Amino acid sequence: ALAKCDRSTIVDPQYPTTGWMREDLCTASSSDAGSHFVCVNMPSDFWVKTGQAKSPADAAANWPKPGPWCICMWAYANYFAQHPEFSSNLICDATNKWVLHKYDVTKPAQCQALLSICKRCGLADPACPASC
């Protein structure tokens, strides 16, 4: 079963829960174009470095505080491409296994992201690339 991407220890009145459906689960519906399947322990610079927040002040005022968060697959791939150590922030049991079939392994950044998830989470699945 998919574990919760649990924000219960984070004091964030504006964003107390995560996930597309705000149930602390990295699931989605057909309306979720971002595919919020990857649970990470989000660092404080995430919103700025992914280009979603305009500045650190914007991130602090308008975006979820650091801690567990379901992020878009593309955001994980982009952030990981710039910061390979980001894979240590993965929360494996709360990352949806749908990522195994949703990343496009013909695109280098997505292949590398999937490979990092497979390695970090110890997945032995045919969808896991041997290399990119």
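Just a few scattered comments:
- Compared with the dominant Cα axis of the chain, that is its longest principal axis, helix 108-120 is turned about 90°.
- Under a 5 Å amide H cut-off, with hydrogens placed 1.01 Å from N, T95 pairs with C39 among residues at least 5 apart or on other chains.
- Charge sum, other residues only, whose C-beta stays under 13 Å from C72's C-beta, Lys/Arg counted +1 and Asp/Glu -1: 0
- Highest to lowest packing among 11-24, 93-106, scored as the average C-beta count within 10 Å: 93-106, 11-24
- Restricted to Cα atoms, segment 37-132 shows a radius of gyration and a Dmax of 13.3, 43 angstrom.
- Accessible-area ranking of I71, I10, largest first, probe 1.4 Å: I10, I71
- Computed from point charges on the beta carbon alone (+1 for Lys and Arg, -1 for Asp and Glu), the dipole magnitude for the chain about its Cα centre is near 140 Debye.
- Partners for K54 among aspartates and glutamates (Cα-Cα distance below 15 Å; same-chain residues under 8 apart left out): D45
- Farthest positive-ward along the chain dipole, Cα basis, beta-carbon charges - from N89, S116, A3: S116
- Counting all C-alpha pairs of segment 1-56, share separated by more than 16 Å (%): 52 percent
- Entry note, the chain: relative contact order of 25 percent, from Cα contacts under 8 Å with a spacing of 6+ residues.
- Alpha carbon centroid spacing (whole Å) that separates segment 1-65 from segment 68-132: 17 Å
- Cα long-axis angle, helix 73-82 against the chain (0 to 90 degrees, to the nearest 10): 80 degrees
The values are calculated or read from the model by the stated rules, or taken from the named source; none is laboratory data. Note that the coordinates shown come from a computational prediction; the quantities given were computed from them, not determined experimentally. Ideal geometry is used to build each Cβ from the backbone, glycine not excepted, and the neighbour counts take in all protein chains shown. Remember, those area values only see protein heavy atoms, side chains included, never the ligands or the DNA or RNA. Shrake-Rupley method; radii C 1.70, N 1.55, O 1.52, S 1.80 Å.
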